[in-house]
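Here is the structure we will look at.
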Amino acid sequence: MDKIGEIEIRVVGKSGNLALSPDNYDIKHIASILQNVEDLLYPNNKKDRPLITYDIQEGSVKHIFKTPMQYIIGFSAILGQIQSSNSIDFLDLKTARAIENLQQLAQQKDFEFQFSTSVKKDVELAISSSTKFFRTENSWAD
């Protein structure tokens, strides 16, 4: 049996005048998180990917994902590289798009997404309305 690790994505913000909680967090945002996490963890071979389980908890809104530890370690390294380089240009296309989708949601709704893993309990990456995690445009010249 594989050792299981966790990814936590804590969403901080407001829904109207109320602080976010699972009771006032719209289902379309949950669907977006679910799709983007799958692309972050397994951007290529989704057919043969390991099981990902999900739980939503209080504490603003905490999305908890469980999957084999090997993938959590790799994801933790990716988060650290994004944080240190302040760039997503090195990521493969689906992973970069997933980060961009969360960046757009953060800007639209003034949410902050705080990523942590069972590798490091501290916040490894934060995406908010003030961060700019978008791919740079490739310039083509003749």
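The values are calculated or read from the model by the stated rules, or taken from the named source; none is laboratory data. Fair warning: this is a prediction, and the values are worked out from it, not measured in the lab. As a convention, Cβ positions derive from the backbone with ideal geometry for all residues, glycine included, and neighbour counts pool all protein chains shown. Remember, those area values only see protein heavy atoms, side chains included, never the ligands or the DNA or RNA. Shrake-Rupley method; radii C 1.70, N 1.55, O 1.52, S 1.80 Å.
Name the long-range amide H neighbours of LEU125: under 5 Å, sequence gap of 5 or more, or other chain; modelled H, no Pro or chain starts.
Those lying under 5 Å, H to H, from LEU125 are PHE115.
So what J values fall out for the range 104-118 if you push phi through Karplus, 6.51 cos²θ - 1.76 cosθ + 1.60 with θ = phi - 60°, rounded to Hz, Gly and Pro as x?
Per-residue couplings from phi come out as 5, 5, 4, 6, 5, 9, 6, 8, 10, 9, 10, 9, 9, 10, 6 Hz.
At a 1.4 Å probe, what is the % contribution of carbon and sulfur to the accessible area of the chain?
48
Can I get the semi-axes of the range 1-89's equivalent ellipsoid? Compute them from the C-alpha gyration tensor as square roots of 5 times the eigenvalues, in angstrom, largest first.
They are 25, 17, 12 Å, listed largest first.
Given R₀ = 41 Å, FRET efficiency for LYS109-ILE4 by Cβ-Cβ distance, to 0.05?
0.85
Using a 1.4 Å probe, what is the accessible area per residue for the range 1-131, in Å²?
54
Which whole-number percent gives the relative contact order of the range 4-142, counting Cα pairs below 8 Å spaced six or more residues apart?
32 percent.
Whole-Hz ³J(HN,Hα) for each residue in the range 25-33, computed from phi via Karplus 6.51 cos²θ - 1.76 cosθ + 1.60 with θ = phi - 60°, x for glycine and proline: what do you get?
Result, rounded to whole Hz: 9, 5, 4, 5, 6, 5, 4, 5, 4.
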